[in-house]
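Notes follow the structure.
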Amino acid sequence: MAKVYPQVPSFSPHMTSKRESFTVWMKSLVYQTNGCTVYNTNGDIVYRVDNYDKKGSNEVHLMDLQGKVLFTIRRKKLLAFGGWDGYRCSDSYINEKKPWFQVKKCYRILLKGDLGFQVTVGCDKFWIVRLAGKTAFRIVNIDGDIVAEAKPKQASSGVLLGDDVLALVVEPHMDHSLMMALLIVYGLIRRRM
């Protein structure tokens, strides 16, 4: 699989050499806010979004457990079809000049005519493809290989845990924080947070 970000060092706390699974609860732990909370397989909180604004806000922040902002995600207002820009944050600094990733709506033959979202990260391209159901989607690379997939989480007995609980699987050598940021964008597009 091709490297996702040439500018990312070979060691990243958000990237591993094995497939990772996360549980995404599309609720904030902060009372009276929108957002989501992400747990790893050990049940530890690893990412969160606390959105004090209305659902579908124009700007949200993806944070780690300690509250360090990893990405600032902003809605583009001037495009006819809409779009989102993601800015990677480091040491509380946001590079406002150039977004780290961009998401825009589009149709594509590869997607069999379905509405999809093109993701541009530097010179790499990905697609967010909606699956059957309200919340299920996958992220595929330019070759059509799945790099992440989210679908409703099931208990071991097979019972669905609800529309607001997702299982996210991220393939090896993919930046988990980027996949979480794209999940956040998809949630904002679908007005889930």
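Below is a table of values for the structure above.
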item: In the stretch 121-150, residue least open to solvent (accessible area, probe 1.4 Å) [restricted to those that are within 12 Å of the chain's Cα centre (by Cα) and among the charged types (D, E, K, R)]; result: Glu149
item: Number of the condition not met by Gln102 [criteria: (1) modelled with pLDDT under 90; (2) open to solvent by 60 Å² or more (accessible area, probe 1.4 Å); (3) closer than 17 Å to Ile184 by Cβ; (4) touching an Asp or Glu at 6+ places or on another chain (Cβ under 8 Å)]; result: (1)
item: Residues of the stretch 32-59 that turn out to be more than 25 Å from Thr16 (Cβ to Cβ) and modelled with pLDDT of 85 or more, as a count; result: 1
item: Some residue of the stretch 160-178 being more than 27 Å from Gly43 (Cα to Cα) and at pLDDT 90 or above; result: no
item: Qualifying residues in the stretch 129-180 (those that are of a type outside the set (A, V, I, L, M, F, W, C) and in a helix (DSSP H, G or I)) - the one nearest to Met63 (Cα to Cα); result: Ser177
item: Number of the condition not met by Tyr87 [criteria: (1) under 22 Å from Ser177 (Cβ atoms); (2) modelled with pLDDT under 90]; result: (2)
item: Where Leu29 falls short, out of the listed (1) in contact with a helix residue (DSSP H, G or I) (Cβ under 9 Å, 6 or more places away or on another chain); (2) hydrophobic (A, V, I, L, M, F, W, C); (3) at pLDDT 70 or above; result: (1)
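The values are calculated or read from the model by the stated rules, or taken from the named source; none is laboratory data. These numbers come from a predicted model, not from an experiment. Cβ atoms come from the backbone with ideal geometry, glycine included; neighbour counts cover every protein chain shown. Each accessible area value is taken on the protein alone, full model and side chains, heavy atoms only, with ligands, DNA and RNA left out. Shrake-Rupley method; radii C 1.70, N 1.55, O 1.52, S 1.80 Å.
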